[in-house]
Amino acid sequence: MTTPPPAGPGAPPGSQAMLRLSRLLKRPVTDRGGGSLGRLADVIVRLRGSDYPLVTGLVAAVGGREIFDPIRLSSARLSLRHFERRDGEVLLRADVLGHRLIDVPNARLVRAADLELARDRADWVLTGVDTRPRRMFGLRAPESPGYRDWSDFEWLIGHQGSARLRGPFARIRRLKPAQIADLLESASAEEESEILGRVHADPELEADVFEELDEDLATRLLGARTDAEIAAVLARMRADDAADAIAELPQRRRQPVLDLLPAGPRQKVLTLMGFPSGSAGGLMGVDFIALPGLTRAGDALARVRESPLLQPEALTSVHVVDADGGLQGVARLVTLVQSDPDAALIDVSDADPVRIGADADITDVAVLMTDYNLITIPVVDDAGRLLGVITVDDVLEIALPPDWRRREAAHPPDTGPS
């Protein structure tokens, strides 16, 4: 074999050589006597958690069958053992080359045009990925280095034995729920299944992702699950999102799913389903902080600290209510932070807060929040009792055009497209 070029940017420290998979696959293979047998068909790597995958052998196409030999890449000789894949093994040509990967730093799906193998002391490891198209306008892409570190990518190869080993180290969990939802909306059916499989290992993340999904896609993905599996996801979602999801299920499945929800989430969902979807009541969330007026400001702040499961936007305000649940005031979080901790909550609150009725339409909600620069707005019934809170993100989601999810998000100024 010819002397390999210097190591690429993704190679391990101390690496002295690298190989491109596309070039390696063109090489002939020989038996131990030096006779020609066939061609190199694939390279096998073994998963090692968060470390670079280790090359463990080659697959050669010889006489119409695939054979395996655990040899080093510096030799092209092999024995004639029949190849059988084991759990934790990945075939680079069959599983990765030409397939789509998750580009984690840029939160998008890309195709692996080539792979880089680098020497790590006595071993070879998978270290880099080239995602540039191999041909552009009928011409081959330039040969300049375009490899990025393998640790930036998450593979989608559809092999269950490998997926079990990859699960604890899934890089997809670095992404925000909205980014994972965007990936799912551009994925194939097979890719959807694998992405959801990684997310399913973290139930809270899974619920957050379903909250961010396009309504039609969320309905399709949930509809493919059993009633118990749907209920398990909805129980962790915000009640308003869960109510919307149930409303989109086929009629025959709604009640069975509702019956499987825990008592607390079920009551919240049923309350929200009692309001028209286009009303303030249908848009509000029912998780908020409401305290008596004589509560100390410091204790109100402590309550905020003790409520990590509430939507962060809903924690920007603390609501003052009387014994019957009537809304008496709203204290903004900034005001509480700046106030004397011993001050009574009612004394640092807006005693005449902007509020809206449950039957008001979405336009009225948007106008009020815009006019008064509100992050949240309380929703009350005819008797002035606090029913829920609408947050600004809920209003934005309704106000944006129907196809807003299909627009590519602007890149932050410090990253740029890649």
- prompt: Where residues in the range 305-328 are surrounded by 19 or more Cβ atoms within 10 Å (Cβ to Cβ) and not aliphatic (A, V, I, L, M), which of them is nearest to M273 (Cα to Cα)?
  reply: Q311
query: Within the range 39-152, which strands (runs of 3 or more DSSP E) (wholly inside it) include 3 or more residues that are at pLDDT 90 or above?
result: 100-103, 108-111, 114-120, 123-130
- request: Just one of (1) touching a residue at least 24 places away in the same chain (Cβ under 8 Å); (2) more than 27 Å from the chain's Cα centre (by Cα); (3) assigned to a helix (DSSP H, G or I) trips up K268, so point out which.
  value: (2)
- prompt: Is it true that some residue in the range 273-293 is under 25 Å from D361 (Cα atoms), open to solvent by 60 Å² or more (accessible area, probe 1.4 Å), in contact (Cβ under 8 Å) with a residue 12 or more places away in the chain and not in a loop (DSSP other than H, G, I, E, B)?
  reply: yes
message: List pairs: first residue in the range 313-327 and on the phi > 0 side of the Ramachandran plot, second residue open to solvent by 10 Å² or more (accessible area, probe 1.4 Å) anywhere in the structure, Cβ distance under 8 angstrom, at least six positions apart or on different chains.
response: G325/A290; G325/R385; G325/L386
- prompt: Could you say whether any residue in the range 301-324 is small (G, A, S), touching a His at 6+ places or on another chain (Cβ under 8 Å) and modelled with pLDDT of 95 or more?
  reply: no
message: Going residue by residue through the range 392-410, is there one that turns out to be out of contact with any Cys (no Cβ under 8 Å at 6 or more places or on another chain) and at pLDDT 90 or above?
response: yes
- prompt: Which condition breaks for T335 when tested against (1) buried (at least 18 other Cβ atoms within 10 Å of the Cβ); (2) part of a helix (DSSP H, G or I); (3) over 30 Å from the mean Cα position of the chain (by Cα)?
  reply: (1)
- prompt: Which of the helices (runs of 4 or more DSSP H) contained wholly in the range 195-251 include at least 3 residues that are closer than 12 Å to P265 by Cβ, in contact (Cβ under 8 Å) with a residue 24 or more places away in the chain and open to solvent by less than 40 Å² (accessible area, probe 1.4 Å)?
  reply: 227-234, 239-248
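The values are calculated or read from the model by the stated rules, or taken from the named source; none is laboratory data. As the structure is a computational prediction, the values presented were derived from the model and not from experiment. When we count neighbours, we look across all protein chains shown, and the Cβ atoms used for this are built from the backbone with ideal geometry, even at glycine. The accessibility values were calculated without ligands, DNA or RNA, using every heavy atom of the protein model including side chains. Shrake-Rupley method; radii C 1.70, N 1.55, O 1.52, S 1.80 Å.
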